[in-house]
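Enquirer: What follows is a structure written as structure tokens; I'll ask about it next.
The values are calculated or read from the model by the stated rules, or taken from the named source; none is laboratory data. Remember, predicted model here, so these are calculated numbers, not experimental data. Reconstructed Cβ throughout: ideal geometry from the backbone, glycine too, with neighbour counts over all protein chains shown. Surface areas here come from the heavy atoms of the whole protein model, side chains and all, with no ligands, DNA or RNA. Shrake-Rupley method; radii C 1.70, N 1.55, O 1.52, S 1.80 Å.
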Amino acid sequence: MEFRYLGNSGLKISSITYGNWLTHGSQIENDVATSCVHAALEAGITTFDTADVYANTVAEQVLGDALAGQRRESLEIFTKVYFPTGPKGHNDTGLSRKHIMESINGSLKRLGTDYVDLYQAHRYDYETPLEETMQAFADVVRSGKALYIGVSEWTAEQLRAGHALAQELGIQLISNQPQYNMLWRVIEPEVIPASEELGISQIVWSPIAQGVLTGKYLPGQPWPEGSRAADKDGGAQFIEKYLTEEILEAVQKLVPIASDHGLTPAQLAIAWVLQNSNVASALVGASRPEQIASNVAAAGVTLDQDTMTAIDEVVGHLAQNDPALTKSPPERLA
């Protein structure tokens with residue numbers, strides 16, 4: 001396993017982070033989820049990411065149970081706050097002081113830990129003054145309930161504003177968690193340059209484009225049974241934008257590039273995001289333990305410039321790179 005510093009901090013995390021979005025507490029049974037977490041530990045992963053909204057808080061509980069008995073100091077546990085949870089009442093969402101303070105306490109209880117290494121704003125909250133949000137985060141850090149602060153899917157302008165307030169408050173905003181892969185590069189024009197300037201790293205989600213970059217979705221063929229695209233209740237809406245004939249045909253051309261490097265297409269996709277020096281870690285999930293070892297094999301892989309160019313020639317023209325696609329809900333969802 002490769003370890004990288006997270007932002008301008010002394011915290012190191014595994015370059016592959018295990019995330020339990022869409023799986024724990026919903027798609028797979030708890031015993032399978034526990035097996036996946038233990039497989040991640042055996043593969044050298046030390047960093048685990050979740051959120052209170054995943055399976056409406058159940059995913060945090062499942063992860064906490066799966067990590068019980070592990071040496072806490074050897075792990076980096078991340079969670080998030082913003083989206084509606086619980087009964088989804090008018091204050092059960094957003095980044096108000098009330099919701100943040102109640103949410104961190106709930107997350108810690110479910111995770112079975114006294115603190116999280118990184119507490120993240122899951123989106124930007126347009127209904128709460130940023131000063132209120134950052135003050136609440138500062139108090140969470142000072143109380144010892146979180147060590148560092150991060151965000152997810154914030155624009156370059158939002159990152160600059162949040163980072164400035166964090167500095168004034170004496171806390172460290174060190175990470176952003178955006179979607180990023182060969183087909184979704186919207187952070188490259190603005191977010192990454194701003195992050196490099198500010199000392200913020202990316203922890204990227206969907207490095208294999210919800211499974212499309214594995215090559216298992218064949219153009220003109222029915223979606224594989226049990227796949228995300230075939231599961232209307234399991235996140236199919238997140239994959240739809242990638243399921244065009246043009247994209248699927250291009251992805252098949254990545255297969256021989258991966259093979260030439262002794263990699264699977266999924267490993268090539270994960271290795272590709274890790275070539276970006278501003279990316280500290282790639283988030284991967286699993287519905288079966290054996291998927292973990294395969295994904296971890298991408299850690300430490302170096303792709304030379306000729307390979308990066310070959311990948312761009314195949315899919316670069318299909319990639320989304322409009323920074324305006326980095327968005328948060330215009331208003332709270334509850």
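Enquirer: Taking the stated definitions as given, is Val62 in contact (Cβ under 8 Å) with a residue 24 or more places away in the chain, in contact with a His (Cβ under 6 Å, 6 or more places away or on another chain) and open to solvent by less than 40 Å² (accessible area, probe 1.4 Å)?
Expert: The answer is yes for Val62.
Enquirer: Return yes or no: is Ala59 within 19 Å of Leu283 (Cα to Cα) and at pLDDT below 95?
Expert: yes
Enquirer: Within region 206-308, which helices (runs of 4 or more DSSP H) (wholly inside it) include 3 or more residues that are under 19 Å from the mean Cα position of the chain (by Cα), of a type in the set (Lys, Arg) and modelled with pLDDT of 95 or more?
Expert: No helices (runs of 4 or more DSSP H) qualify here.
Enquirer: Would you pick out the residues in region 279-300 that are within 23 Å of Ile187 (Cα to Cα) and surrounded by fewer than 19 Cβ atoms within 10 Å (Cβ to Cβ)?
Expert: Gly300, the sole residue that qualifies.
Enquirer: Here's a follow-up. List pairs: first residue in region 308-334 and of a type in the set (Lys, Arg), second residue open to solvent by less than 40 Å² (accessible area, probe 1.4 Å) anywhere in the structure, Cβ distance under 6 angstrom, at least six positions apart or on different chains.
Expert: Qualifying pairs under 6 Å: Arg332/Thr93; Arg332/Gly94.
Enquirer: Just need a number here: residues in region 117-137 that are hydrophobic (A, V, I, L, M, F, W, C), out of contact with any Gly (no Cβ under 7 Å at 6 or more places or on another chain) and closer than 23 Å to Leu75 by Cα.
Expert: Number satisfying all stated conditions: 2.
Enquirer: Here's something else I'd like to know. Which residue out of Ala51, Ala40, Ala33 is closer than 21 Å to Ser15 by Cβ and assigned to a helix (DSSP H, G or I)?
Expert: Of Ala51, Ala40, Ala33, the one residue that is closer than 21 Å to Ser15 by Cβ and assigned to a helix (DSSP H, G or I) is Ala40.
Enquirer: Looking for whichever is aliphatic (A, V, I, L, M) and open to solvent by 10 Å² or more (accessible area, probe 1.4 Å) here; the options are Val32, Val81, Val37. Which one fits?
Expert: Just one listed residue meets the conditions, Val32.
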